[in-house]
Amino acid sequence: MARRRQAVTIKHVAADAGVSLQTVSRVVNKDSGVRPEMMQRVQASIDKLGYVPSIAAQRMGGSRSYLILALNDRERTIADWRARQGTDWFDQMMLGGMLTCAEHGYRLIVELVDTHSDHIERELLAAIAALQPDGVILTPPHSGNPLIINLLEAQGISFARIGSLTDGPGIRLIMDDTRAARIATEHLLELGHRQIGFIAGPAEYELSAWRVDGWRAAMQAAGIASDDLLAAGDFSHASGRAAAMQLLTLAEPPTAIIASNDQMTLATLELARERDLAVPYDLSLISFDDTPIIRLAHPPLTAIVQPIAEATARAVSLIIADLDARLTATTPVTVAALLTLRSSTSPPR
């Protein structure tokens, strides 16, 4: 059996360049205090030996761990994995976070956390003690949880909060859900719909209320009463079906429905077929998120495309800028969502 080639370490570079381990680490970390001639000397050894810096080597140069920790919703993520329904939010978060971390020499670590757990403080403190992250990314619903926000502030950790405008510390990023729901509703209004139902997400997510606000604003601007056209779900397929049933059994049912995520939209599509409603001719549908299953549905569904990867990438960049004392913005950063038109919307009969 072939012997595994010994990896080049920081010790090899230090020996080749005739310098200390700390000097090599300072060069790896691009410390401005290293003399130019020393920088060139160490870099020449790095290039000659083919050395790839490790996190351990980077840590030697100072107080940074070069790790950014992202906290995602444990219960919902695991439920989707077990149901084999896909976790597009998680995938897109990893895409934007990992690539941007790599550009800056960082690594992204993900922890699944139950925001309602009685042990959440203990879990987070244990993760922080073990990983010593330089920054933390909070996704909904963690991004609006005061206990988590205050804990990170007390630990002196730079953190970003995606999908939250709750008062408090941290870098806030939103995907303009109010505007997204408004433009989806306006699209249906332009097609001639007046009875436009809306299936909201759970109240613990701030963005759920924002989306309802956007839908209501568009309906009010058109002079249309919307009180009976709102139903609530919890992002699950079952809750979407129940909410769709509530809307479709109204005395004057909607000719179009906007649902706050793809699972609830798919449930609405299935129920419409069971009730012999053709999409889009009898019922137009618009979804949020735009996961692959929505694009492969029959018909392919018009959807709000959530810029999750872009928002996470911005979160990483802003955390690193904050660590370097280059962050001055205090107002929320907006990464705008888009409406993608497909075959599930048309003028009403």
Given 25 °C, 0.890 mPa s and a Kirkwood radius over Cα pairs, the Stokes-Einstein diffusion coefficient of region 111-241 in µm²/s is 147 µm²/s
Scoring region 215-272 by relative contact order with C-alpha pairs under 8 Å, at least six apart, yields a percentage of 32 percent
Per the 1/(1 + (r/R0)^6) rule, R0 = 56 Å and r from the Cβ atoms of Glu190 and Ala325, FRET efficiency to 0.05 is 0.75
Per residue, the convex hull enclosing the alpha carbons of region 294-349 has a volume in Å³ of 79 Å³
Whole-Å distance linking the alpha carbon centroid of region 295-318 with that of region 136-198 is 14 Å
With label points set 7 Å from each Cα along the Cα-to-Cβ direction at Gln85 and Ala126, the distance between them in nm comes to 2.8 nm
With only helices counted (DSSP H, runs n ≥ 4, each -39500 (n - 2.57)), the per-residue ellipticity at 222 nm for the chain, to the nearest 500, works out to -14000 deg cm²/dmol
For region 94-218, averaging the sequence separation of alpha carbon pairs under 8 Å that lie six or more residues apart and dividing by its residue count, the contact order in percent is 19 percent
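Would region 192-309 count as rounded, prolate or oblate if I go by the C-alpha gyration tensor, calling it rounded below 1.5 in a/c and otherwise prolate when a/b exceeds b/c, oblate otherwise?
rounded
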About its Cα centre, the chain carries a charge dipole, from +1 on Lys and Arg Cβ atoms and -1 on Asp and Glu Cβ atoms, whose size in debye to the nearest 20 is 1560 debye
The simple spin-label model distance between Ala336 and Asn150, using points 7 Å out along Cα→Cβ, in nm, is 3.8 nm
A 1.4 Å probe over the protein heavy atoms gives region 242-314 a carbon and sulfur accessible-area percentage of 56 percent
Where a ≥ b ≥ c are root eigenvalues of the Cα gyration tensor, a/c under 1.5 meaning rounded, otherwise prolate if a/b exceeds b/c and oblate otherwise, region 76-160 counts as oblate
Note on the chain: contact order normalised by length, alpha-carbon pairs under 8 Å, 6 or more apart, percent, works out to 16 percent
Ratio for the chain, C-alpha Rg to 2.2 N^0.38 Å, reads 1.21
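The values are calculated or read from the model by the stated rules, or taken from the named source; none is laboratory data. Since we're looking at a predicted model, the values are computed, not measured. All Cβ positions, glycine included, derive from the backbone under ideal geometry; neighbour counts span all protein chains shown. For the accessible areas, the whole protein counts, side chains as well, though only heavy atoms, and no ligand, DNA or RNA atoms are used. Shrake-Rupley method; radii C 1.70, N 1.55, O 1.52, S 1.80 Å.
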